[in-house]
Amino acid sequence: SRNILRYLKYHVQHNTCKYSGTEMYKFAVYAEGLLSSGVKQREYVPSREELKKLMFLKDMPASISCYGGWNCKIAVTPTLTARVAVARLLSGMGLNPRHNKYALFEKQGNIYKVIEDRTLMSDVLAKFERKTAGEGWVVFFKLFGIVEFNISKCDPLELVFLYEFVCDQIRRGLCPDDKVSLTELAGLRCQYLYGDYSPEKNFTVSDIYKVTLPEVKYSSSRKNTGTLRGLGTLGKGTIRKLKDLYTDTEREDELLMQEEVEKVKNTINDYWKTKAGLSKGAAQQELLKVTTRWLAFGYGIFDVLIIDNRFRETELWLAVGRNDIAIYPRQKSLPLEVHTYDSIISFGAPQVNVFKITIEGHAPLEMNTPEFLDIARLMKTYIGIMVKMKKEKSTDCDSALIPLL
């Protein structure tokens, strides 16, 4: 409360004056600096590492992971926010923050959760400490939103981030193009990562490509699942029969998936072999040449389930870009609907896993998606960038008119 904060500030200032030049004075000055930083509340109790460093009035070292196994060291104070950490990383790497939007993510395996700008980095590290040991959570730095993507003028490091952004979409099966095979793009990815093909160069398919069960086989494997057909009359042993049925179905699905993974891997290898002799840079350029022709290139793409019946299909993609949002059929290159931000009246999550966009002159778009928070953050980011650019343009126009008055 304000009363407690006021008393605490008074107490610290009193000790600063009373114990000048002592060890107590150093801690009082440090505490006064933290209190005046504007941070109102911590979400987590400080980690053990943070408490150890605070005892000696030192910053906590932290490692930020990046593509290619790179790691950036950063000093974490109790008041360091994700926004400031990103600004420091951009400055250290020489990246222009005006070109694209970067962010920090909580990463575990292939799972990424964006960290909000105002989140304290000390809270993120404290949360990691409380997770089960061995889960492998790290802080990861990567592109969050693409504003400009002129490849010919891209800085080499900026191009790496752009390339990895696209490859991450390919890995998740988010390819808005019905004229190119994802396995071909995966083959180019292998050439970039491992060089020319050889049988000894093994890779995990899920790291570069999303494998799904073929619809026909999957439907066949699920035949009679969830019914009592073939179980005979209800009676003794029925529950055991149901349990055995589901266990057999899971085993069958597992075998089908293994079979499909092997088939996809062979297809990727076949295309990879045709790229022998292609340099790493050329493989990167060839993949970007294909993907930059997408209408949704640079968009954040999310799996959604449309609630109403305005489209023939309900399982679609929501693409969130710099100037607009669009609804795409999955794996198709042309959108069903496109709406600029100027036409969007409001957006948000009326309830968990539901996202709603109110559009001027159209029925609201309402969809089910577990990524509703990431969609809202990305839309908010792009709208903020658009408003900022309009203000700057207006200021430039006003400045140009001054000499004429």
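The values are calculated or read from the model by the stated rules, or taken from the named source; none is laboratory data. The shown structure was predicted, so the numbers you read here are calculated from the model rather than taken from an experiment. Reconstructed Cβ throughout: ideal geometry from the backbone, glycine too, with neighbour counts over all protein chains shown. Accessible surface areas use protein heavy atoms only, side chains included; no ligands, DNA or RNA. Shrake-Rupley method; radii C 1.70, N 1.55, O 1.52, S 1.80 Å.
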Practice task
Out of the residues in the stretch 257-266 that are open to solvent by less than 60 Å² (accessible area, probe 1.4 Å) and not acidic (Asp, Glu), state the one that is farthest from TYR197 (Cα to Cα).
Solution key: VAL261
Problem - Any hit, the stretch 63-86, residues being of a type in the set (Lys, Arg), without any contact (Cβ under 8 Å) to a residue 40 or more places away in the chain and not in a helix (DSSP H, G or I) - result: yes
Fill in the blank from the handout: By residue number, the members of the stretch 349-374 that are under 17 Å from GLU337 (Cα atoms) and either free of Cβ contacts under 8 Å to residues at least 12 places away in the same chain or open to solvent by less than 50 Å² (accessible area, probe 1.4 Å) (or both) are PHE355, LYS356, ILE357, THR358, ILE359, PRO364, LEU365, MET367
Handout entry: GLU106 being surrounded by 12 or more Cβ atoms within 10 Å (Cβ to Cβ) and closer than 30 Å to TYR163 by Cβ
Key = yes
Exercise for the section: Starting from the stretch 336-347, keep only residues that are more than 26 Å from ASP177 (Cα to Cα), then list their pairs with residues that are open to solvent by 30 Å² or more (accessible area, probe 1.4 Å) and of a type in the set (Asp, Glu) whose Cβ atoms are within a distance under 9 Å, requiring at least 6 positions of separation or different chains. Expected result: ASP342/GLU360; SER343/GLU360; ILE344/GLU360; ILE345/GLU360
Completion exercise
Residues in the stretch 160-198 that are at negative phi, open to solvent by 10 Å² or more (accessible area, probe 1.4 Å), more than 22 Å from the chain's Cα centre (by Cα) and not polar (S, T, N, Q) total 8
Fill in the blank from the handout: Scanning the stretch 1-52 residue by residue, those small (Gly, Ala, Ser), closer than 22 Å to ASP123 by Cα and loosely packed, with under 12 Cβ neighbours inside 10 Å turn out to be SER1, SER36, GLY38
Exercise for the section: Kindly check whether there is at least one residue in the stretch 66-85 that is modelled with pLDDT under 80, more than 30 Å from TYR382 (Cβ to Cβ) and exposed (fewer than 12 other Cβ atoms within 10 Å of the Cβ). Expected result: yes
Practice task
Confirm whether LEU157 is part of a helix (DSSP H, G or I), at pLDDT 85 or above and buried (at least 20 other Cβ atoms within 10 Å of the Cβ).
Solution key: no
